[in-house]
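S.K.: This is the structure I want to talk about, given as structure tokens.
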Protein chains: 2
Amino acid sequence: MKLICEKENLLLGLNSVSRSSIGRTTNPILEGILISLKNDKVILTTNDLELGMEYTIENVDIKEEGKTVVDCRMFTDIIRKLPDGEISISLNDKNLLLIECADSKYKLSTMNADEFPLLPELNIEKNISLPQKSFKDMIKRTSFAVSSDENRPIFTGCLLDVKESSINVVAVDGFRLALRNSPVFTDTKEFKAIIPGKYLNEVCKNLLDVDDQIKIGISKNQALFEISNCKIVSRLLDGDFLDYSNVIPKDKETRIKINKVELQEAIERASIFSISAQEKEKKYPIKIYINVDDIIVSCTSQVGDAKEEVKVDMEGQELEIGFNPKYLLDALKAIEDDEIYLDFGSNISPCVIRPTTDAKFTYMVLPMRLKE
Amino acid sequence: MKLICEKENLLLGLNSVSRSSIGRTTNPILEGILISLKNDKVILTTNDLELGMEYTIENVDIKEEGKTVVDCRMFTDIIRKLPDGEISISLNDKNLLLIECADSKYKLSTMNADEFPLLPELNIEKNISLPQKSFKDMIKRTSFAVSSDENRPIFTGCLLDVKESSINVVAVDGFRLALRNSPVFTDTKEFKAIIPGKYLNEVCKNLLDVDDQIKIGISKNQALFEISNCKIVSRLLDGDFLDYSNVIPKDKETRIKINKVELQEAIERASIFSISAQEKEKKYPIKIYINVDDIIVSCTSQVGDAKEEVKVDMEGQELEIGFNPKYLLDALKAIEDDEIYLDFGSNISPCVIRPTTDAKFTYMVLPMRLKE
């Protein structure tokens with residue numbers, strides 16, 4: 001096998017299929033990359049059996065067809081550090097991969113390409129498509145809220161809930177819930193699929209801020225994402241997701257309209273006291289006291305206290321309620337709008353956060369009980 | 001006590017005296033900052049008894065003189081996160097420090113200012129002064145080479161070696177040596193002092209790229225650095241430093257003149273194979289083979305090998321020699337010149353690196369033995 005290719009094109013493909021965090025395996029081939037040359041194409045594949053990714057580089061000068069597997073991290077590292085320009089890649093008679101570029105020559109030991117697990121052919125039962133930029137936006141605004149608790153694996157995933165040309169992506173971790181809605185094209189009336197959050201983030205890395213479509217197909221156990229030159233296959237998580245539409249409160253006793261940045265900065269400052277330097281394990285809640293014209297964000301720890309005042313428009317009852325500041329800040333960072341609504345029931349019921357001009361994003365967070 | 005001050009001015013002082021890495025202490029006052037108001041000045045002091053730093057902010061609106069101590073990290077964190085503008089700081093009748101700015105109010109518990117260890121008055125025996133930018137440059141190009149081995153504490157410091165209007169700053173860690181020379185003003189004929197590298201880096205943080213002078217005074221056990229509004233007192237390391245002038249080879253069998261960036265990039269690429277993914281603990285040397293017109297930089301590990309060719313001007317004998325690539329790269333990063341000399345004796349004697357047009361920097365590195 002032999003090819004000649006611009007470094008830039010090759011690196012684009014490698015960045016697409018190489019993963020920052022691969023699950024440690026005992027089988028080195030699962031940390032490898034399959035380089036396959038056919039006609040005028042280079043196909044790069046990685047697959048650890050949980051997540052498989054394939055990228056096709058077109059119009060390459062293929063001198064000789066063939067395929068091989070090398071360590072993905074090391075191959076990517078070499079290509080990344082080579083000077084810009086043409087790179088020649090070939091297999092020598094000792095089965096070493098030769099990488100040549102200007103005055104640099106590298107040899108890399110290879111693995112048996114026949115042992116590499118190709119991406120499976122999926123029996124697609126349901127499918128949707130939507131603009132790349134929409135799906136990218138959905139992942140970025142929800143996947144941060146998945147659980148990291150592997151004891152409840154179902155909540156380490158994001159729910160894709162499709163109903164009549166509309167999709168909700170939902171993440172929930174027991175303390176908060178993030179939901180983003182978007183229109184989709186679909187032949188399927190309705191379905192649900194749960195995809196590990198970390199794999200959705202790998203999909204996200206391959207999405208551009210463009211109107212070009214991403215196609216998502218769902219088989220019994222797997223999901224296939226097709227994005228221009230790139231195919232990604234992820235396993236699905238099996239089990240019952242939270243019945244989220246019934247947990248988001250529909251009524252409210254108190255609503256405030258508030259400038260997002262002002263609230264975010266006030267919470268960031270007040271939460272200096274939330275994590276105590278003296279008592280590492282302890283986490284103090286921030287307290288929000290809602291008045292008619294303003295809210296007081298405060299936090300008291302052993303070393304001192306913070307008090308921040310932010311102007312609001314308020315409807316309903318005055319209220320005092322506590323939160324873990326991280327969960328509020330995560331939501332505010334995921335919102336780009338200037339003004340937001342915060343809806344409250346009582347001081348033990350969840351708070352719902354929504355942009356005032358965009359009904360597509362909903363965030364719900366549970367309060368922390370305040371000590372008297 | 002009460003003062004009103006622009007956030008920006010206060011933060012400048014706090015950044016100067018607050019340390020990123022403070023040695024863990026059991027006495028919280030050593031992690032505190034003394035805020036002292038007198039006439040129209042705010043004096044900020046930190047001191048963990050190893051390193052003391054003091055910064056004076058002038059022309060401040062002092063409403064009431066006084067002093068107190070608060071946790072340095074937390075106070076700095078609050079000031080940094082407050083909105084730009086005027087900040088009012090005062091002590092209330094419960095001995096809490098009030099920090100007020102626009103709609104933000106903070107209270108911070110205080111410690112007894114009388115228990116705070118002030119900077120000692122040094123009995124200065126020797127002193128020098130030189131432009132801030134010169135001393136900054138000297139620290140940046142040497143302190144990276146100090147040893148991190150606390151079992152040989154003397155080599156965790158940089159030697160300041162003053163002789164007749166000239167200073168050498170020298171760092172050495174058993175594998176390599178970095179030396180930078182500069183002219184100085186001094187009343188003292190000659191002296192030596194060894195200052196912990198990490199504290200010199202704190203001094204460096206306070207130096208600007210200007211011709212304004214830094215004054216360095218040495219007492220029996222301590223060094224005093226005076227930089228415009230800032231005073232820093234560091235302890236000295238006690239013991240005999242390496243007799244460095246006798247270990248740097250004066251003769252050479254082989255000299256090459258080489259483009260610094262080309263050599264640096266070649267070593268960076270070849271050293272991909274130096275740290276093996278399969279064998280974490282193992283470190284492969286890079287090999288440099290010196291020919292008449294070029295050098296071959298190579299590295300061979302179990303997973304493959306790298307070969308890089310770089311054009312050189314060579315005088316003397318051909319040579320093959322091995323190195324830990326990190327020690328070569330550290331030196332090349334510390335050199336800004338385009339072209340450098342590498343001087344070699346045999347393949348078991350040290351290599352000396354110098355910029356071709358600047359005799360003020362010398363770096364020496366020991367080779368690694370190559371296996372046949």
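The values are calculated or read from the model by the stated rules, or taken from the named source; none is laboratory data. From a predicted model like this one, the values you see are computed outputs, not experimental measurements. We place every Cβ from the backbone using ideal geometry, glycine too, and count neighbours over all the protein chains shown.
S.K.: For residue A:232, are the conditions met, namely being away from chain B (no Cβ under 13 Å) and at pLDDT 95 or above?
M.R.: Considered against the rule, which asks whether it is away from chain B (no Cβ under 13 Å) and at pLDDT 95 or above, residue A:232 comes out as yes.
S.K.: Report, by residue number, each residue of the range B:34-81 that is without any contact (Cβ under 8 Å) to a residue 40 or more places away in the chain and within 14 Å of another protein chain (Cβ to nearest Cβ).
M.R.: B:74, B:77, B:78, B:81
Yes/no per residue for (1) among the aliphatic types (A, V, I, L, M); (2) within 21 Å of residue B:300 (Cβ to Cβ):
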| site | (1), (2) |
| --- | --- |
| A:62 | yes, no |
| A:66 | no, no |
| A:79 | yes, yes |
| A:115 | no, no |
| A:120 | no, no |
| A:124 | yes, no |
| A:138 | yes, no |
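S.K.: Just to check your reading of the model, which residue among B:362, B:357 is farther than 16 Å from residue B:249 by Cα and of a type in the set (S, T, N, Q)?
M.R.: B:357
S.K.: Pairs under 9 Å by beta carbon, first residue at negative phi in the range B:90-118, partner hydroxyl-bearing (Ser, Thr, Tyr) and part of a loop (DSSP other than H, G, I, E, B), six or more apart or different chains?
M.R.: B:91/B:110; B:96/B:110; B:97/B:110
S.K.: OK, next. Among the numbered criteria (1) out of contact with any strand residue (DSSP E or B) (no Cβ under 6 Å at 6 or more places or on another chain); (2) closer than 26 Å to residue B:363 by Cα, which single criterion is violated by residue B:256?
M.R.: Result: residue B:256 fails condition (1) only.
S.K.: With (1) within 13 Å of chain B (Cβ to nearest Cβ); (2) free of Cβ contacts under 8 Å to residues at least 12 places away in the same chain as the list, and residue A:303 as the residue in question, which single condition is left unmet?
M.R.: (2)
S.K.: Counting just the residues of the range B:106-134 that are within 14 Å of chain A (Cβ to nearest Cβ) and not aliphatic (A, V, I, L, M), which one comes out nearest to residue B:55 (Cα to Cα)?
M.R.: The residue in question is B:110.
S.K.: Does residue A:245 satisfy the condition of being more than 23 Å from residue A:354 (Cβ to Cβ), among the small types (Gly, Ala, Ser) and away from chain B (no Cβ under 12 Å)? Write out each step before concluding.
M.R.: On the way: more than 23 Å from residue A:354 (Cβ to Cβ): no; among the small types (Gly, Ala, Ser): yes; away from chain B (no Cβ under 12 Å): yes.
Spelling it out, it is not the case that residue A:245 is more than 23 Å from residue A:354 (Cβ to Cβ), among the small types (Gly, Ala, Ser) and away from chain B (no Cβ under 12 Å).
S.K.: Next question, about the same structure. Of the residues A:295, A:321, A:288, A:353, only one is crowded, with 20+ Cβ neighbours inside 10 Å, modelled with pLDDT of 95 or more and within 23 Å of residue A:140 (Cβ to Cβ); which?
M.R.: On inspection, the qualifying residue turns out to be A:353.
S.K.: While we're here: Mind checking which residues of the range B:62-90 are acidic (Asp, Glu) and over 27 Å from the mean Cα position of the chain (by Cα)?
M.R.: B:64, B:65, B:84, B:86
S.K.: Spot the failing condition for residue A:110; the list is (1) touching an Asp or Glu at 6+ places or on another chain (Cβ under 6 Å); (2) crowded, with 17+ Cβ neighbours inside 10 Å; (3) outside the structural domain of residue A:193 (by TED's automatic domain parsing); (4) polar (S, T, N, Q), and only one is missed.
M.R.: (1)
S.K.: Can you name the condition, by its number, that residue A:36 falls short on among (1) closer than 17 Å to residue A:227 by Cα; (2) of a type in the set (Ser, Thr, Tyr); (3) at pLDDT 95 or above?
M.R.: Looking at each condition in turn, residue A:36 falls short on (1).
S.K.: From the residues in the range A:82-105 that are farther than 23 Å from residue A:28 by Cα and within 10 Å of chain B (Cβ to nearest Cβ), which one is surrounded by the most Cβ atoms within 10 Å (Cβ to Cβ)?
M.R.: Among those residues, the one meeting the criterion is A:104.
S.K.: Here is a further query. Residue A:9 is checked against (1) crowded, with 18+ Cβ neighbours inside 10 Å; (2) more than 29 Å from residue A:235 (Cβ to Cβ); (3) among the polar types (S, T, N, Q) and fails just one. What number does that condition carry?
M.R.: (1)
S.K.: What are the residues in the range B:12-33 that are surrounded by 14 or more Cβ atoms within 10 Å (Cβ to Cβ), of a type in the set (Gly, Ala, Ser) and either modelled with pLDDT under 90 or not in a loop (DSSP other than H, G, I, E, B) (or both), if any?
M.R.: Passing the criteria: B:13, B:16, B:32.
S.K.: Taking residue A:331, is it within 14 Å of chain B (Cβ to nearest Cβ) and surrounded by 21 or more Cβ atoms within 10 Å (Cβ to Cβ)?
M.R.: It is false that residue A:331 is within 14 Å of chain B (Cβ to nearest Cβ) and surrounded by 21 or more Cβ atoms within 10 Å (Cβ to Cβ).
S.K.: Considering each residue of the range A:287-300, count those that are without any contact (Cβ under 8 Å) to a residue 40 or more places away in the chain and either facing chain B (nearest Cβ under 10 Å) or under 11 Å from residue A:270 (Cα atoms) (or both), and give that number. Don't jump to the end; show me each part of the working.
M.R.: Residues of the range A:287-300 that are without any contact (Cβ under 8 Å) to a residue 40 or more places away in the chain, as a first pass: A:288-289, A:291-300.
Subset that is either facing chain B (nearest Cβ under 10 Å) or under 11 Å from residue A:270 (Cα atoms) (or both): A:288, A:294, A:296-300.
Total satisfying the criteria: 7.
S.K.: Give me a count of the residues in the range B:177-217 that are under 10 Å from the mean Cα position of the chain (by Cα) and outside any helix (DSSP H, G or I).
M.R.: Residues flagged as under 10 Å from the mean Cα position of the chain (by Cα) and outside any helix (DSSP H, G or I) within the range B:177-217 amount to 1.
S.K.: Filter the range B:131-159 down to residues that are assigned to a strand (DSSP E or B) and either farther than 14 Å from residue B:203 by Cα or not assigned by TED's automatic domain parsing to the domain that holds residue B:189 (or both), then give me how many there are. Explain how you work it out, then say what you get.
M.R.: Keep residues of the range B:131-159 that are assigned to a strand (DSSP E or B), which gives B:131, B:157-159.
Within this subset, residues satisfying the condition of being either farther than 14 Å from residue B:203 by Cα or not assigned by TED's automatic domain parsing to the domain that holds residue B:189 (or both) are B:159.
Qualifying residue count for the region: 1.
S.K.: OK, next. Looking at B:203, B:210, which one is surrounded by 17 or more Cβ atoms within 10 Å (Cβ to Cβ), β-branched (Val, Ile, Thr) and assigned by TED's automatic domain parsing to the domain that holds residue B:166?
M.R.: Going through B:203, B:210 in turn, the sole match is B:203.
S.K.: Got a number for residues in the range B:62-105 being in a strand (DSSP E or B), over 16 Å from residue B:12 (Cβ atoms), in contact with an Asp or Glu (Cβ under 7 Å, 6 or more places away or on another chain) and not hydrophobic (A, V, I, L, M, F, W, C)?
M.R.: Of the residues in that region, 3 qualify.
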